[in-house]
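Engineer: Below you'll find the structure I mean.
The values are calculated or read from the model by the stated rules, or taken from the named source; none is laboratory data. It should be emphasised that the depicted structure is a prediction, and the values quoted were computed from it without experimental measurement. Cβ sites come from the backbone with ideal geometry, for glycine too, and all protein chains shown count toward neighbours.
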Amino acid sequence: GWTIVLPRGKRRCKKLAKIGSLGVKEGIVSWSPTYTESSEDMQSKLQNKMVGCMKRVESSLFCQNFLEHMQTQQVMDCFRKVLEGAEQKKMQMVVYGIGSIESHDTPRLQLSIALLIKREFSWIGDLQVFDPILSGTECRVLKALGYSVLSVNEQGRRRATSPTLFFMSYCENFDIAEDEITQDT
């Protein structure tokens, strides 16, 4: 299911802002890939893997059902409500802890779903991704696909000051979805 979190009034927001600002400097760690070796050939191969994976996901029954669910009146009303009072009319999407798209199929499947969500819904804005194990090649491919790779390890402590969709597909239920995608193709 979905969890939509709305601000609950100014007093509560101020209280959360104070809590969120404690120790922020301590939690910010600048980051860059430790494995930076990359070639055009490596990037091309990985980008082709991602494109193929996106096609598999897009044609899967799981993806069709997932996008249909997102388009239900109940879910869309929740997203509209979040965006209604916001200055920005687009919701950024943040993907944490995705894993290596170079080494494993599961992260490629998960990122494909995030890209398809952005393609399907005009109200999704910037796509941001972070995982400390990303290589230089992976970062370049992600940028080519439209993601911004965060240069700071936020350690999952981002303070959402504007509408933000945290896409954390590595949770338990995605294993079932991965099996369905693999069976559909």
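Engineer: Take residue 177 and tell me if it is surrounded by 19 or more Cβ atoms within 10 Å (Cβ to Cβ) and modelled with pLDDT under 90.
Structural biologist: Here the answer is yes, as residue 177 does meet what is asked.
Engineer: From the list 111, 83, exactly one residue is at pLDDT 90 or above and within 13 Å of the chain's Cα centre (by Cα). Which is it?
Structural biologist: 111
Engineer: I've got another one for you. Is it the case, given these coordinates, that residue 77 is more than 20 Å from residue 166 (Cβ to Cβ) and of a type in the set (D, E, K, R)?
Structural biologist: Answer is no for this residue.
Engineer: Then there is this: Only residues that are out of contact with any Asp or Glu (no Cβ under 9 Å at 6 or more places or on another chain) and among the small types (Gly, Ala, Ser): list them for segment 39-79, please.
Structural biologist: Within segment 39-79, 39, 44, 52 qualify.
Engineer: A follow-up question, please. Within the set of pairs 6+ apart or on separate chains, which have a first residue in segment 64-86 that is free of Cβ contacts under 8 Å to residues at least 12 places away in the same chain and assigned to a helix (DSSP H, G or I), a second that is surrounded by 14 or more Cβ atoms within 10 Å (Cβ to Cβ) and hydrophobic (A, V, I, L, M, F, W, C), and C-beta atoms under 8 Å apart?
Structural biologist: Close Cβ pairs (under 8 Å, with a partner that is surrounded by 14 or more Cβ atoms within 10 Å (Cβ to Cβ) and hydrophobic (A, V, I, L, M, F, W, C)) amount to 69/75; 76/70.
Engineer: Okay, moving on. Taking the condition out of contact with any His (no Cβ under 7 Å at 6 or more places or on another chain), surrounded by fewer than 17 Cβ atoms within 10 Å (Cβ to Cβ) and modelled with pLDDT under 90, does residue 44 pass?
Structural biologist: no
Engineer: Residue 98 is checked against (1) under 11 Å from residue 167 (Cβ atoms); (2) without any contact (Cβ under 8 Å) to a residue 60 or more places away in the chain and fails just one. What number does that condition carry?
Structural biologist: Looking at each condition in turn, residue 98 falls short on (2).
Engineer: Quick check on my filter: what residues within segment 115-133 are farther than 18 Å from residue 162 by Cβ and either of a type in the set (Asp, Glu) or modelled with pLDDT of 90 or more (or both)?
Structural biologist: Once the filter is applied, which keeps residues that are farther than 18 Å from residue 162 by Cβ and either of a type in the set (Asp, Glu) or modelled with pLDDT of 90 or more (or both), segment 115-133 yields 115, 116, 119, 120, 131.
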